[in-house]
1. Being in contact with a strand residue (DSSP E or B) (Cβ under 7 Å, 6 or more places away or on another chain) and aliphatic (A, V, I, L, M), is that true of even one residue in segment A:142-151?
2. Specify which of the listed residues (B:K52, B:K115, B:K84) is basic (K, R) and outside the structural domain of B:G16 (by TED's automatic domain parsing).
3. Among (1) out of contact with any strand residue (DSSP E or B) (no Cβ under 8 Å at 6 or more places or on another chain); (2) outside any loop (DSSP other than H, G, I, E, B); (3) crowded, with 17+ Cβ neighbours inside 10 Å; (4) away from every other protein chain (no Cβ under 12 Å), which single condition is A:G351 missing?
4. Before we move on, is A:G324 among the small types (G, A, S) and within 14 Å of chain B (Cβ to nearest Cβ)?
5. Residues to consider are B:E54, B:E23; find the one that is in contact (Cβ under 8 Å) with a residue 40 or more places away in the chain, among the acidic types (D, E) and closer than 15 Å to B:L322 by Cα.
6. Could you list, in sequence order, the residues of segment B:243-278 that are among the charged types (D, E, K, R) and under 19 Å from B:F292 (Cα atoms)?
7. Which numbered condition trips up A:P234, out of (1) surrounded by 15 or more Cβ atoms within 10 Å (Cβ to Cβ); (2) within 10 Å of another protein chain (Cβ to nearest Cβ); (3) over 24 Å from the mean Cα position of the chain (by Cα)?
8. Working only within segment B:245-258, note down all residues that are part of a loop (DSSP other than H, G, I, E, B) and at the interface with chain A (Cβ under 9 Å from one of its Cβ atoms).
Protein chains: 2
Amino acid sequence: MKAVGIIAEYNPFHNGHAYHLAEAKRVTGADVAVVVMSGNFVQRGEPAILDKWERTKLALHNGADLMVELPVFDAVQPGHLFAKGAIQILSALGVKDLVFGSEHPDVDFIDLAEKAQGIEAEKKADKNQTYAAAYAADLEEATGFKLEDPNDILGFSYAKAIVESEIEMNLHPIGRIQAGYHDKEFDEGAEIASASSIRLALHKGKMDKVQKVVPADAFKALQEKPNALGFEKPFFDLLSYRLLTDTVGQLGQVYQMAEGLEHRLVGVATAKEAPQSYQSFIKAVKSKRYTFARMQRTMLYTLLNIKVDQMQAAMADSYIRLLGFTDEGQAYLSEVKRRARLPIISRVDMGLAKANLRLDYKAGLIWQLLAGDRSNKDGQDLSRRPIHYIKEED
Amino acid sequence: MKAVGIIAEYNPFHNGHAYHLAEAKRVTGADVAVVVMSGNFVQRGEPAILDKWERTKLALHNGADLMVELPVFDAVQPGHLFAKGAIQILSALGVKDLVFGSEHPDVDFIDLAEKAQGIEAEKKADKNQTYAAAYAADLEEATGFKLEDPNDILGFSYAKAIVESEIEMNLHPIGRIQAGYHDKEFDEGAEIASASSIRLALHKGKMDKVQKVVPADAFKALQEKPNALGFEKPFFDLLSYRLLTDTVGQLGQVYQMAEGLEHRLVGVATAKEAPQSYQSFIKAVKSKRYTFARMQRTMLYTLLNIKVDQMQAAMADSYIRLLGFTDEGQAYLSEVKRRARLPIISRVDMGLAKANLRLDYKAGLIWQLLAGDRSNKDGQDLSRRPIHYIKEED
């Protein structure tokens, strides 16, 4: 069977994702779409608005065949690490074709990535420039291509991961329709909108707008979780709590805590007139050198109390966590299972929850705590089985 | 001027406390009543239902003249350490008479404490008996007195602290009226009820009952803080959060974490079907050897992330924190100030908040977080001045 790989967050799942799944199969002639998806926290360091199981179900209902989780140590990372983790999981599952949306679908990203080898922007980035900006400038100098659009940047990260890890995988960039990645508003009558504009509409309670741009079952799921967007206050409460109770020494061991940021965090959290919201807190501690997303990720590592050594150990010991499949996805899995180059995990027991899976397990427990949802006493992982979606006959 | 000392929690302040303040002055002929009061967390490890400033104000309005805080490292402790901390502060302020309620006001507690010296119940306490129970049995054997009533136990602790620290202080036990310490219900028409029965009535929303047994201004304060009793859920959320994110090694350093309790805590918090409330959680982790109160205190140390070394350093470096005074209290303070045997702190700046006062400062910030009250951006300590209550002329 032929598989096409897709890397996604589905936060939330929308019509553009369904279109992308169909297109991916069409352009590659694949039998199954294998999706590696962020778990309960997404790349920008935010809690996903629906948990990984809800999002898996929606994806299976709308074109995906095999859903695997991108572990939290790969998902909540800058683009290049996010891409590397996802590509390795797809490759470990025998996937040799990747489809992704791009603002420049005619560009040969593998060629670009090969030409980019050797660029070391780290040294050049100064205090007023992010690493990404310094890198893009160097890349343009070397290749003439201006890497500035968000999907191009992700696509380039995939290509770089493939080139650097010497992985056998073909890239199929496809043009995006109707909605720009960062568009905040969407047109009346549009059937495709970006995930961020949909989250904004959800925040504003504009459910009629949302209804037009997501599949019917996704709309139902979003309606049934009216608190799905209320993460900011509990997130900031727990984060404040940690900053008020941990020593600077303890905070200094958190992954990505650098350049004395821990002192600034504690200083601001315990100051007279401390910021009263998460957004204003991030603004108060952020320097020009850091992107907002990087600050958010570091705050999430702090919230999850993930130390450098734990992160490194977890990243060196990855796995393929099954979230769900259709019959076709299951058939593909049987075919590739024996030669998969990472352990396949379909069920998490307490042993695994304390070993390899500990960061994802912890992330799931904290996601539930943030969601105020203790209804599932087993949490997000223990005893949960992959969703087997059986398509209805037409 | 002559002062009488009182050790209190005022959680909440009620008619019995007002009676006690008046009686204390009457039986000792004192000019001023000096009260050392628990801060924002009380001896049983629970958040006080009104903050220390509200409680100070109510006490000053109802008979107290000088209010000082029992620091969190003395307040949230088993009886003997609570007593020792409080006695030392009163003694440092030149107080030589202590009045306390007792079920046996005719007993000579100092004599009892002297006879009790040398009892070492620790060795005898086995897994099915608390230390307190083993101690009481030994004491009865040595003196014939059965130490079993809660106020007697506290009074005995005061006596023991006085004897062991060779402090010059006279004890004046006075009989309690109408209400037993642990009485859960109170009679119709009663004007005196125990603090715990009042908390229970508040929980049940029986405000008409509460109104009869607290001074009018205390009733108003309790009415204005309708969420004052809603601490249990946020407390359990934050505690769960810590247990889910800290390593067993980190938790093992918490003050009073003994006999592998940290393993049991993490085991229960991360188990399948973890307890859904704080009460059921405590029951699940508690052994027969520990009292409920001790477990609650250890959970509070865990919440505040107070490590053994921090606790020891704080206890060795105590102070007299002024919360408020009347004109008479202020006059008494001027008289004793120069020979006070502990530093007197009337205003907390960031320097103190990071040094001696750090545990109280942290406790105040967490109390506000639990109360969901960020309205006072300066928190409970920074820049707060002692309350100066000027009595109205009759």
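1. Restricting attention to segment A:142-151, the residues satisfying the condition of being in contact with a strand residue (DSSP E or B) (Cβ under 7 Å, 6 or more places away or on another chain) are A:151.
Next cut, aliphatic (A, V, I, L, M) only: none.
Scanning segment A:142-151 turns up no residue that is in contact with a strand residue (DSSP E or B) (Cβ under 7 Å, 6 or more places away or on another chain) and aliphatic (A, V, I, L, M).
2. On the way: B:K52 fails: outside the structural domain of B:G16 (by TED's automatic domain parsing); B:K84 fails: outside the structural domain of B:G16 (by TED's automatic domain parsing).
Answer to the check: B:K115.
3. (3)
4. On the way: among the small types (G, A, S): yes; within 14 Å of chain B (Cβ to nearest Cβ): no.
Criteria not met by A:G324.
5. Working: B:E23 fails: closer than 15 Å to B:L322 by Cα.
Among B:E54, B:E23, only B:E54 is in contact (Cβ under 8 Å) with a residue 40 or more places away in the chain, among the acidic types (D, E) and closer than 15 Å to B:L322 by Cα.
6. Applying the first criterion (among the charged types (D, E, K, R)) to segment B:243-278 yields B:246, B:259, B:262, B:264, B:272-273.
Correct list: B:E259, B:E262, B:R264.
7. If we test A:P234 against (1) surrounded by 15 or more Cβ atoms within 10 Å (Cβ to Cβ); (2) within 10 Å of another protein chain (Cβ to nearest Cβ); (3) over 24 Å from the mean Cα position of the chain (by Cα), just (3) comes out false.
8. Kept after step one, since they are part of a loop (DSSP other than H, G, I, E, B), are these residues of segment B:245-258: B:246-247, B:252-253, B:255-258.
Within segment B:245-258, B:D246, B:T247 meet the criteria.
The values are calculated or read from the model by the stated rules, or taken from the named source; none is laboratory data. Bear in mind that the values here come from a model prediction, so they are computed numbers and not experimental data. FYI the Cβ positions are ideal-geometry reconstructions off the backbone, even for glycines, and counts take in every protein chain you see.
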